[in-house]
1. What does the extension gain come out to for ALA124 and TYR324, with contour length at 0.36 nm per residue minus their alpha carbon separation?
2. Could you give me the percent of Cα pairs per 10 Å distance bin for the range 94-205, shortest bin first, beginning at zero and ending with the bin that holds the maximum distance?
3. Convert 4 °C to kelvin, take the viscosity as 1.567 mPa s, use the Kirkwood radius over C-alpha pairs of the range 30-179 as Rh, and evaluate the Stokes-Einstein diffusion coefficient in µm²/s, rounded to a whole number.
4. If you stretched the chain out fully between GLU159 and SER52, how much longer would it get, using 0.36 nm times the residue separation minus the C-alpha to C-alpha distance?
5. Let me check I've understood the local charge: for PRO136, count other residues with C-beta under 13 angstrom from its C-beta, Lys and Arg +1, Asp and Glu -1. What total comes out?
6. Could you work out the equivalent-ellipsoid semi-axes for the range 70-137, taking the square root of 5 times each eigenvalue of the Cα gyration tensor, largest first, in whole Å?
7. Would you work out what percent of the accessible area of the range 35-137, with all protein chains in place, is carbon or sulfur (probe 1.4 Å)?
8. On full extension of the chain, what length is gained from THR94 through ASN171, given 0.36 nm per residue of separation minus the C-alpha to C-alpha distance?
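The values are calculated or read from the model by the stated rules, or taken from the named source; none is laboratory data. This structure is a prediction, so every number in the text was calculated from the model and none was measured. Note that we place each Cβ from the backbone using ideal geometry, even for glycine, and neighbour counts take in every protein chain shown. Note: areas computed on protein heavy atoms with side chains; ligands, DNA, RNA excluded. Shrake-Rupley method; radii C 1.70, N 1.55, O 1.52, S 1.80 Å.
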Amino acid sequence: MDDNSRFGPSSRFKFGLFFVILICFVESIIFVEAQNLDEHGFKELCNMDLASFLPLPYGSLPNMVCKPVWNSYLLRYSQAKDNVITIVLSTIYTSGWVGMGFSSNGKMINSSCMVGWVNMEGRARIKQYHIKGFKPSEIKPDEGHLPLTSVPPLVVVREATMYMAFQLKFNTTLKTQPILLAFSSKHPHHLRLTVHDDKMSMNFDFSSGNADSNVASSPSIIKNKKTHGVLAILAWGLFLPFGAIFARYLKHKDPLWYYLHVVIQFIGFLFGIAAVVVGFSLNHRLHNYIPAHKGIGIFILTLTILQVTAFFTRPSKDSKYRKYWSWSHNCKWCLCKIICVKLGFTLGVASEENFLVMHLEALD
């Protein structure tokens, strides 16, 4: 007795649906593991030997505290008994400027900031700015109230990461302090800062190394992250796998299976395009360096586009090219599984895009 006689179409459909629900559960577990991997990655960065590329005192911080503060921003600092605090702020850098400010009330107006960048000639620059207003002309270079020591501030770019280092001396031990973080993808023009792409404010406790839990990231960033995730899950976690299920298990409902397959796959394709557009927007704003996530996402989108174009090139059943078309149609998903499942999970990338290949693995 073969498999077709043992399991009817309805049973096979329910079997496929069970796998979809199972994979949803597995995806939630992988998401949690990804968060653990992120924490492990930050620990590795904190253990990096700064002395190999930063001079003293920045290269050797006694009793260093190292904390991720926002997006890819990592704050290292060390406080001495004489109330001198040495700070090294690092983040992914491609262009524009990076800033860290100190404020009395968490607001930008009347705050003093250290801003670093690499100009068009490739020269690293760092200056203190006093923010007197919102206009570029009201953000004054070489002014401010930060008590810089005689140790020159420094900017170093190494392996696509900027390290902005400076030293301050306060009258008392620095404890809870409102700080500002911001960046722009555009370079300062004649020392005038361009408008920031994004910013955030937090109360940071330098005595314990904890940030105020009530202060969240930029609302627009949070909204875009949720939008990116929801769109990706709808595309590669719902519509595309269900479209594949209809094509595999409803062949006895001809031609209904075909119309369901085409319509649902096309809807999933539109959601996938939207997810990638939002993802590129996030990547531009966050300056995150996530080549594996980005590469796998683009690769799967390319396969999805090729699968959609297969609708327009589908030969008739009597055509001698039909078997080659079918082979190509199936081979794209095999490539997706080999590269994304075997390589993507090895890299520890639990992204929404992997949701697609997990379903495909289950449907085989």
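1. Gain on extension, ALA124 to TYR324, equals 66.4 nm.
2. Result, from short to long distances: 14, 48, 32, 5 percent.
3. 79
4. 37.2 nm
5. +4
6. Sorted largest first and rounded, they come to 21, 19, 12 Å.
7. 52
8. 24.1 nm
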